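None of the figures in this text is laboratory data; all of them are computed from the coordinates on show. These numbers were taken from a predicted model, which means no experiment stands behind them. Here the Cβ positions follow ideal geometry from the backbone for every residue, glycine too, while neighbour counts run over all protein chains shown.
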Amino acid sequence: MANIGVLIETSDNNEVKKTNFGVITAARGEGGNEIFGLLINGSGLTCKDAVQEYGIGKLVEISADGANLSSNPELQAKALAEAMKHFEINALFGLSSMQGKDILARTAAILNAPLTLDCVGVNLAEDTVTKFHFAGKTFATIKLTGECRICGIRPNAIEAKAGPCEAEVMSFQADVQDSGRMKVKELKKGASERVELTEADIIITGGRPIGSEENFKILHDCAEALGEAAVGASRMAVDSGFAPHDMQVGQTGKTVSPKLYIACGVSGAIQHFAGMKTSKVIVAINKDPDAPIFAKCDYGLVGDMFEVVPALTQALKSDN
Amino acid sequence: MQIYVCIKHVPDTAVNINVVGECGFDESVKFVMNPYDEYAVEEAIQIRKKAGGEVIIVSVGKEAATKTIRSALAVGADRGILVKTDTQFLDSSLTAQALTKVIEQDGSPDMIFTGKQSVDSEGMQIPYRLAAAFDMPVVSDVAALSMGDGNVTVEREIGSGSREVIEMTLPCVVGAIKGLNEPRYANMVGIMKAKKKKLDQIDIADLGLDINAAGTKLTELKPFPERGKGKILQGSPQEMAEELTQLLKNEAKVL
C-alpha cells in the first residue's frame, strides 16, 4: 500500500472546487492505497464531506508556524513538500489549473521529482500518464520513474466517480521560514466575473468577424443562456484588439477540452483547432460555407453569427 | 545586468504534425522560436536597454536550433549558447539541469527569462526548476513587469481575467506569456549583425549529466483522431438555433 496525496483546490468562498473530484478519482485508481487530501490554508471541516465522497481517507490541513502561507506561493510549496515527506507520500496529484500547476511545479522543483502537467489520463499500475503534445495535434504517453512523482490533471479531463469513505481530519504544521524574497501584494480582479476557459464545461468563442470588443456581448449573453459557460476568442480576434490575451484559445493561447465548444466566425486555422479539437462536441457557426471548420465539427450552422447567435440565445432561453 | 533567456526551437504552430515511428514526428516542417519565448527575449532586451549589461540566449536542442538562436541575436541579444541533444523531447528536469550547468559555467545571472511553456512538449516547469537550481524566486505566466531598485514587480495571470501583483527580489526567474510586450521584428541590419555574433555549442554529453536518469520518458506519440464532417443544419437562423438546441440536448446530451 502506498500513500498518495491529492492537493485540494478551494474556491474563493472556501468550497471544494468540483473539478477536484476527477483528480481524486484518478489518484484512487484501482484502490488499495491510502489517499491523503492536502489543504493549504483551507478548512478541513468545511471540505470533509465533499472529498470523502470520492475516497479521501485522511484530510490534512497544512499551515505554517509563524508564516502566512496565503501570500507566498513559494512558502506554500515548501510546506506541501514537507507534508509529503512527513506523511511518506510518494505520489502527488492535483489540478493543472492556473493555481495548481504553479504550486505543483514549485513542489516538484523543491523535491527534484518528475512532473507531468496537463495530463488527461493516469495509469497508476503502469506508472504512465497521457497528455497532449503540440496542443491537440498529438497524444503522448509518458512513463514516470523515481521515488516520488507529481502529476497535474487537466480540469474536467477525468470523470469523477464516487468512492465514499470516512475522512479523518488532521493538521500539519510546517516548519518553513519566509525568506522575504517574494510576496503577493495585490489581487487585481478582472473587469467582470468571467468563467475561466481552462476550467469551463462549455465554451463559446468569437473569431475576427466579431469586429469589436463591444460585439462580444452577443457571446456573453449566449454564454449566460448556456449556463456556466466561458467566452473565448481566436488569435485573429485577440491580435485585432477585440479581446484580451487571456481569452485566446489555440496552441499559442489556452488549450481546452470542454464538453461543448461553439466556434462563431472562426475559420478553423491549424493552431486554433489544435487548441480545441479535443472538445467532446464542436459546433461551428460561420457565414462562409467553405470554411475549413465545417469539415471537422459535429454540427455546422451556415449563417451570420450576428443573427444565429442571438437566435441561439433565444432558443436556449425558451427551452429552459 | 547579466540576463539569460532560455528559448526552444519548435515546429511552427501553423503546421500539422505527422507522427513517425513510436514517438517521433516528421521534422522537415518549418521550425520557429517557441512563441512564448519571443516575449522573454523582448523583455530582456528592453531591460538591458535601460539597465545596461548583456543578454545571453541559451537553448537545448538539435543543431538546427542555431537558426532560432540567430533569430534572437538578430533582434538584439548579444550572444548565444546551444546545448546539443539528439532529441526534441528531452525530459524537463534534464533540460533544466543542462541550462543550469551552462549558465553557471558562463556567468552569474541577475535575471533568467523563459517562456511559460514550450508549445511542443508542454512541460510547463523549466522556470521553476531553474529557480530551484539557482535558489532564486520565480513567477511564471507573467503578463506585466516593472523593474525596481533591487527588485521586480510582476503581474501573473491567474485566470478569469484576474491577476496577482507579485514583488520579488533580484536575482529572479520570470516565465513570460503573450501580452508582456510587443516583440520586435528583425531588420536587415540586425540579421547581418547576428551572423557575426558569438554562438557557442556544447554537447550535452560533455556537461556530465546522466541522460538515462530521466524521470519522465515519452513512450508513445500518436495523432489525435480527427472527427469527420458533421451535420450541417439548414433553415433560417431561428430554425437552425432551435434545431441545434434540441440536438445538443437530446442527441449529443451536452446540455
Relative contact order, percent, chain B [alpha-carbon distance under 8 Å, six or more residues apart]: 23 percent
DSSP-assigned coil residues among trypsin sites (Lys or Arg not before Pro) in the stretch B:209-255, each with at most 16 further Cβ atoms within 10 Å: B:ARG227, B:LYS229, B:LYS253
Over chain B: helical MRE at 222 nm, DSSP H runs n ≥ 4 each giving -39500 (n - 2.57), nearest 500: -8500 deg cm²/dmol
Which of A:GLU53, A:GLU213 has the fewest Cβ neighbours within 10 Å, and the rest in rising order: A:GLU213, A:GLU53
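Charges at C-beta only: +1 for Lys and Arg, -1 for Asp and Glu. How large is the resulting dipole of the stretch A:197-319 about its Cα centre, in Debye rounded to 20?
360 debye
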Top of B:ALA133, B:ALA96, B:ALA194 by mean-square fluctuation, Gaussian network on chain B, Cα under 10 Å: B:ALA133
Sequence-distant residues sharing a close amide H with B:LYS62 (under 5 Å, placed H): B:THR85
Cβ-defined net charge surrounding A:GLN99, 12 Å radius [Lys, Arg +1; Asp, Glu -1]: -4
Low-density loop positions, GluC sites (Glu not before Pro), the stretch A:100-187 - DSSP coil, at most 12 other Cβ in 10 Å: A:GLU126, A:GLU147, A:GLU159, A:GLU166
Of A:LYS18/A:LYS85; A:LYS131/A:LYS277; A:LYS18/A:LYS161; A:LYS131/B:LYS84, pairs whose Cα-Cα distance is over 18 Å: A:LYS18/A:LYS85; A:LYS131/B:LYS84
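Tell me the mean residue ellipticity at 222 nm calculated for chain A from its helices only (DSSP H runs of n ≥ 4, each -39500 (n - 2.57), averaged over every residue, nearest 500). Mind dumping the intermediate values first?
Values: 8 runs with 83 residues, N = 320.
Result for chain A, helices only: -7500 deg cm²/dmol.
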Given A:LYS101/A:LYS137; A:LYS58/A:LYS188; A:LYS17/B:LYS222, the pairs whose alpha carbons are separated by over 29 Å: A:LYS58/A:LYS188; A:LYS17/B:LYS222
Fewest-first sequence of B:VAL19, B:VAL10 by Cβ atoms within 10 Å of each Cβ: B:VAL19, B:VAL10
Beta bridges by DSSP in the stretch A:64-167, antiparallel share as percent, to the nearest 5: 55 percent
Cα-centre dipole for the protein assembly as shown with unit charges at Cβ (Lys and Arg positive, Asp and Glu negative), debye to 20: 1380 debye
Neighbourhood charge, 15 Å Cβ-Cβ cut-off, centred on A:ALA225 and excluding it, Lys, Arg +1 and Asp, Glu -1: -3
Nonlocal amide H pairs with B:PHE224, under 5 Å, H built at 1.01 Å: A:THR138, A:PHE139
Proximal charge balance of B:GLU251 [Cβ under 13 Å; K/R count +1, D/E count -1]: +2
Debye intensity ratio I(q)/I(0), log10, the stretch B:2-213, q values 0.14, 0.16 Å⁻¹ (C-alpha model): -0.81, -1.07
About the Cα centre, charge dipole magnitude for chain B (Lys/Arg +1, Asp/Glu -1 at Cβ), debye: 700 debye
Amide H within-cut-off set for A:LEU92, under 5 Å, with H built and near neighbours excluded: A:GLY5, A:ARG149, A:ILE150, A:CYS151
Selected from A:PRO73, A:ILE62, A:ALA50, residue furthest toward positive end of dipole (chain A; charges at beta carbon): A:PRO73
Residue among A:PHE172, A:PHE21, A:PHE134 with the largest mean-square fluctuation in a Gaussian network model of chain A, springs linking Cα atoms under 10 Å: A:PHE134
Distance from the stretch A:278-297 to the stretch A:138-182 (C-alpha centre basis), Å: 36 Å
Dimensionless Rg over Rh [the protein assembly as shown; C-alpha; Kirkwood]: 0.96
Selected from A:TYR54, A:TYR299, A:TYR261 as most flexible by GNM, with chain A as the system and alpha-carbon contacts under 10 Å: A:TYR299
Vicinal HN-Hα couplings computed from phi for the stretch B:95-105 (Karplus, 6.51 cos²θ - 1.76 cosθ + 1.60; Hz; Gly/Pro x): 4, 5, 5, 5, 4, 4, 4, 5, 5, 4, 5
